[in-house]
1. Counting just the residues of the stretch 24-44 that are aliphatic (A, V, I, L, M) and surrounded by 12 or more Cβ atoms within 10 Å (Cβ to Cβ), which one comes out nearest to Ser11 (Cα to Cα)?
2. Please go through the stretch 17-44 and pick out each residue that is under 16 Å from the mean Cα position of the chain (by Cα), aliphatic (A, V, I, L, M) and more than 23 Å from Met65 (Cβ to Cβ).
3. Go through the stretch 1-23 and give me each residue that's touching a Phe, Trp or Tyr at 6+ places or on another chain (Cβ under 9 Å) and either buried (at least 17 other Cβ atoms within 10 Å of the Cβ) or modelled with pLDDT of 90 or more (or both).
4. Just give me the residues in the stretch 28-55 being in a helix (DSSP H, G or I) and either touching a strand residue (DSSP E or B) at 6+ places or on another chain (Cβ under 8 Å) or in contact (Cβ under 8 Å) with a residue 60 or more places away in the chain (or both), in sequence order.
5. Only one of (1) exposed (fewer than 11 other Cβ atoms within 10 Å of the Cβ); (2) touching a strand residue (DSSP E or B) at 6+ places or on another chain (Cβ under 6 Å) is not met by Trp60, so which one is it?
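The values are calculated or read from the model by the stated rules, or taken from the named source; none is laboratory data. Everything numeric here is computed off the predicted structure, so don't read it as measured data. Methodologically, a virtual Cβ is constructed for each residue, glycine included, from the backbone with ideal geometry; neighbour enumeration extends over all protein chains shown.
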Amino acid sequence: TLDTPLLGRNSVDEFLFQQKAGFCEHFSSSFVVLMRAAGIPARVVTGYAGGTYNGLGNYWVVRRMDAHAWTEVWLA
């Protein structure tokens, strides 16, 4: 959601148990905290998802709104 409140000192706890609304960075970083607490290696990854293909110029247009964050978890 685009209407997220400012969080305090315990931002992960507040996000997980009170607010339950946020950006992809909030969800991915909170999941990393939970995985690491369980002893599972994890990290936040950022990049771009999607974009718009321009057939006339034969290129992709990637905008700030295409930015995304997700979690990588090591399951071996």
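1. Let us first name the residues in the stretch 24-44 that are aliphatic (A, V, I, L, M), namely 32-35, 37-38, 40, 42, 44.
Applying the additional criterion that residues be surrounded by 12 or more Cβ atoms within 10 Å (Cβ to Cβ) yields 32-35, 40, 42, 44.
Numbers: Val32: 14, Val33: 11, Leu34: 13, Met35: 17, Ile40: 21, Ala42: 19, Val44: 16 Å.
Restricting to residues being aliphatic (A, V, I, L, M) and surrounded by 12 or more Cβ atoms within 10 Å (Cβ to Cβ), the top hit is Val33.
2. Once the filter is applied, which keeps residues that are under 16 Å from the mean Cα position of the chain (by Cα), aliphatic (A, V, I, L, M) and more than 23 Å from Met65 (Cβ to Cβ), the stretch 17-44 yields Val32, Val33, Leu34, Met35, Ala42.
3. Phe15, Gly22
4. Ser28, Ser29, Phe31, Val32, Met35, Arg36
5. (1)
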